[in-house]
1. For residue A:171, indicate whether it is crowded, with 20+ Cβ neighbours inside 10 Å, touching a residue at least 24 places away in the same chain (Cβ under 8 Å), in a helix (DSSP H, G or I) and not hydroxyl-bearing (Ser, Thr, Tyr).
2. Specify the residue that is nearest to residue A:180 (Cα to Cα); the eligible residues are those in region A:64-83 that are buried (at least 20 other Cβ atoms within 10 Å of the Cβ) and within 14 Å of chain B (Cβ to nearest Cβ).
3. Tell me the residue from B:10, B:64 that is within 7 Å of chain A (Cβ to nearest Cβ) and closer than 17 Å to residue A:128 by Cβ, please.
4. Does region B:1-45 hold any residues that are part of a helix (DSSP H, G or I) and aromatic (Phe, Trp, Tyr), and which are they?
5. Among the strands (runs of 3 or more DSSP E) lying completely within region A:200-294, list those that include at least 1 residues that are β-branched (Val, Ile, Thr) and within 14 Å of chain B (Cβ to nearest Cβ).
6. Can you confirm whether region B:52-59 contains a residue that is modelled with pLDDT of 90 or more and more than 8 Å from chain A (Cβ to nearest Cβ)?
7. Report whether or not residue B:14 is under 15 Å from residue A:111 (Cα atoms), under 12 Å from the mean Cα position of the chain (by Cα) and of a type in the set (Asp, Glu).
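The values are calculated or read from the model by the stated rules, or taken from the named source; none is laboratory data. This one's a predicted model, so the numbers in the text were calculated from it and none came from an experiment. Every residue, glycine among them, receives a Cβ derived from its backbone with ideal geometry; neighbour counts consider all protein chains shown.
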Amino acid sequence: MFKRSRPAPWIGLSLMPTPDFFQASQPLFEAGAVQVLEWSFDMGWEADLPDWVTHLLEFYSQRDRLLGHGVTYSLLSAQWEEAQDQWLKNLQEECKRYRYRHISEHFGWMAAGNFVQSAPLPLPLTADTLRLGCDRLNCLAAAAKVPIGLENLAFAFGQRDVEEQGTFLDQLLAHVQGFLVLDLHNLYCQIHNFQQSPEALLKRYPLHRVRELHISGGSWSKSASSDSMIRRDTHDGPVPEMVFELLAIALQHCSHVEAVIFERLGHTLSTETEQQQWRQDFQRIQQIVHQRRR
Amino acid sequence: MTKDLAHFQSTLLEILAASTDADGLLLQLQQEEFSQQWTDYIATFELPMVEVAAELVRKWGKRSADVRKP
């Protein structure tokens, strides 16, 4: 008889501790348009953060509107290294300093052998890799003591990665009652690079677990081995039209979304034109989210 | 299993970091002595994406020795 409307997701930004981001985002913060803030906390552990960054973190933390998003945990690395132990200890301290609503990390791995860090890479779903991921999620949950989640990866070596990632994420997250951070530009990369249909690719993911959406732009690179253009998740350009369309579709299918986070890499908003375009993209996100409420 | 996966991961990163051409890189990966599950996985790799992975690892790869330097 009556259809009860769900509250609209909060719209926010991924915080970058750079002067260009500060300049570009200031009008949005001053207008109260940034309803939630996401912070890649491990990027700040070795940095000397400017005062305006810590003020923002405190402001959003005090209002329970701060989300944590790790980058370098390397969930699926086979070797457990001292660096990962230290990472978890740092996370515990981080969660004492600021109040995070939830903590997320990335699917995949980036450390192995002599490499303490590289780029996030996928792994196939097997009983062993699933067990490994579940163990590492247990460690993450124990350190964070708040709900934890994982973000889908843009990069895939081939079709097998594209086809398995949604199921792999579902089985990992089921183990800790975790949530999915669905990155729409990462989906767009796979839609283009592996000729996937948007609807079919979306259906591979556990949409009932989506608590947060990421939206961003990226760039193109030309493959040396073929004539094809590769879509790259570089977070340094305007949001493509198809990614806005994916946002509208995702909001229809994901009934538990709490936050939509707009991402842009620091040092990529150096001109007034780029900053205006970026704010226009933010306004477009607002329009799509508010249309979805009706 | 952990040793098997660790060998796959560390070898993959070393090959990606050292590569200069994707064709040779993929051939080298296919000739490595991995267990069957990793050989099967490598068989699904697409050349343009291997190129991208190599570029990413060369750009973002950080070795433990680099981190320890003052």
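1. Details: crowded, with 20+ Cβ neighbours inside 10 Å: no; touching a residue at least 24 places away in the same chain (Cβ under 8 Å): yes; in a helix (DSSP H, G or I): yes; not hydroxyl-bearing (Ser, Thr, Tyr): yes.
The answer is no for residue A:171.
2. Of region A:64-83, the ones buried (at least 20 other Cβ atoms within 10 Å of the Cβ) are A:66-70, A:73-78.
Subset that is within 14 Å of chain B (Cβ to nearest Cβ): A:74-78.
Details: A:74: 17, A:75: 15, A:76: 16, A:77: 20, A:78: 23 Å.
This residue is A:75.
3. Numbers: B:64 fails: closer than 17 Å to residue A:128 by Cβ.
Only one candidate qualifies: B:10.
4. Filtering region B:1-45 for residues part of a helix (DSSP H, G or I) gives B:2-18, B:22-31, B:36-42.
Hits for region B:1-45 are B:8, B:38, B:41.
5. Numbers: elements: A:210-215, A:219-222, A:229-232, A:259-262.
So the answer is A:229-232.
6. Yes, there is a match, as at least one residue in region B:52-59 is modelled with pLDDT of 90 or more and more than 8 Å from chain A (Cβ to nearest Cβ).
7. Working: under 15 Å from residue A:111 (Cα atoms): yes; under 12 Å from the mean Cα position of the chain (by Cα): yes; of a type in the set (Asp, Glu): yes.
Spelling it out, residue B:14 is indeed under 15 Å from residue A:111 (Cα atoms), under 12 Å from the mean Cα position of the chain (by Cα) and of a type in the set (Asp, Glu).
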